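Below you'll find the structure, written out as structure tokens, and then a few comments.
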Amino acid sequence: MSNIVDPLIGRIAARIRTERERRRWTLAQLADASGVSQAMISRIERGESSPTAVVLGKLSAAFQLSVSSLMALAEGAPSSDADDPAGVRRHADTPEWRDPATGYRRRQITGPRFPAEIAEVRLPAGARVPYPAAAFAFVRQIVWVLNGRLTFHEGDTVHELGAGDTVELGDPVPCTFANDSDEECRYAVVLVRGERP
């Protein structure tokens, strides 16, 4: 199934363009800051290409945002509760983003106004998703494995995690989420923003 027809992809594209324009960056400046080619950024912003998890990690790092923050901003607040940050969020009404390269699926649990960001991730067997250190700047984050096994590379340290295990991330380093098992791994990412230097 193509992500290009997914309305969430259009909202992600619009958010990336908004974040770039808010900083008054050209495509070339964002490409330099992120390591993603101008051509790819242009295709993403026009909704012609669905970004992979790796590309989203690089772009969010360039914006000094977490992937969770970028996704929460892309989703926006529910229109029926625009003035009320509390309320029920139905599973069926919560968009799920799928990485076209790995099949990784991410669903934002909290809305953009909640003080912590919580996302549910489903990582298929054999999938690996690396993120640059900059994607973890200015945030405190914990990964909680709900089902399956996760091999989490935090810089040079490797954590083998099973259901119920958690890892609290330290100083920003490149990280890789890997599922080396034969079964899907489901985990939650809980993130709070820290202070900017």
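The C-beta contact set for region 78-105 (first residue more than 25 Å from Thr52 (Cα to Cα) and open to solvent by 40 Å² or more (accessible area, probe 1.4 Å), second residue modelled with pLDDT of 85 or more and assigned to a loop (DSSP other than H, G, I, E, B), distance under 8 angstrom, 6+ apart or interchain) comprises Arg89/Ile109.
Taking Pro112, is it open to solvent by 20 Å² or more (accessible area, probe 1.4 Å), assigned to a loop (DSSP other than H, G, I, E, B) and at pLDDT below 95? For Pro112, the condition - open to solvent by 20 Å² or more (accessible area, probe 1.4 Å), assigned to a loop (DSSP other than H, G, I, E, B) and at pLDDT below 95 - is met.
Before we move on, is Pro95 of a type outside the set (A, V, I, L, M, F, W, C), at pLDDT below 95 and touching a helix residue (DSSP H, G or I) at 6+ places or on another chain (Cβ under 8 Å)? Yes: the conditions hold for Pro95. Residue count for region 30-61 under the criterion of being in contact (Cβ under 8 Å) with a residue 40 or more places away in the chain, open to solvent by 20 Å² or more (accessible area, probe 1.4 Å) and assigned to a helix (DSSP H, G or I): the result is 2. When Ser68 is tested against (1) free of Cβ contacts under 8 Å to residues at least 24 places away in the same chain; (2) open to solvent by less than 60 Å² (accessible area, probe 1.4 Å); (3) within 23 Å of Glu96 (Cα to Cα), only condition (1) is not met. Looking at region 155-168, which of its residues are surrounded by fewer than 18 Cβ atoms within 10 Å (Cβ to Cβ) and not charged (D, E, K, R)? Hits for region 155-168 are Gly155, Thr157, Val158, His159, Gly162, Ala163, Gly164, Thr166. Whenever a residue of region 149-177 is under 18 Å from Pro132 (Cβ atoms) and part of a strand (DSSP E or B), its partners that are among the aromatic types (Phe, Trp, Tyr) and at pLDDT below 95, lying with C-beta atoms within less than 6 angstrom and at least six residues away or across chains, give the pairs Cys175/Tyr131. Would it be correct to say that Val143 is more than 25 Å from Ile44 (Cα to Cα), of a type outside the set (Gly, Ala, Ser) and open to solvent by 40 Å² or more (accessible area, probe 1.4 Å)? Against the criterion (more than 25 Å from Ile44 (Cα to Cα), of a type outside the set (Gly, Ala, Ser) and open to solvent by 40 Å² or more (accessible area, probe 1.4 Å)), Val143 does not qualify.
Checking the stated criteria, Arg122 turns out not to satisfy the condition of being free of Cβ contacts under 8 Å to residues at least 24 places away in the same chain, assigned to a strand (DSSP E or B), open to solvent by 10 Å² or more (accessible area, probe 1.4 Å) and within 22 Å of Ser69 (Cα to Cα). Of all residues being of a type in the set (A, V, I, L, M) and surrounded by 15 or more Cβ atoms within 10 Å (Cβ to Cβ) in region 174-197, which is nearest to Leu65 (Cα to Cα)? Just the residue, please. In this case the residue turns out to be Leu191.
The values are calculated or read from the model by the stated rules, or taken from the named source; none is laboratory data. Note that the coordinates shown come from a computational prediction; the quantities given were computed from them, not determined experimentally. Neighbour counts run over all protein chains shown; Cβ positions are idealised from the backbone, glycine included. Heads up: the accessible areas ignore ligands, DNA and RNA and are worked out on the full protein's heavy atoms, side chains in. Shrake-Rupley method; radii C 1.70, N 1.55, O 1.52, S 1.80 Å.
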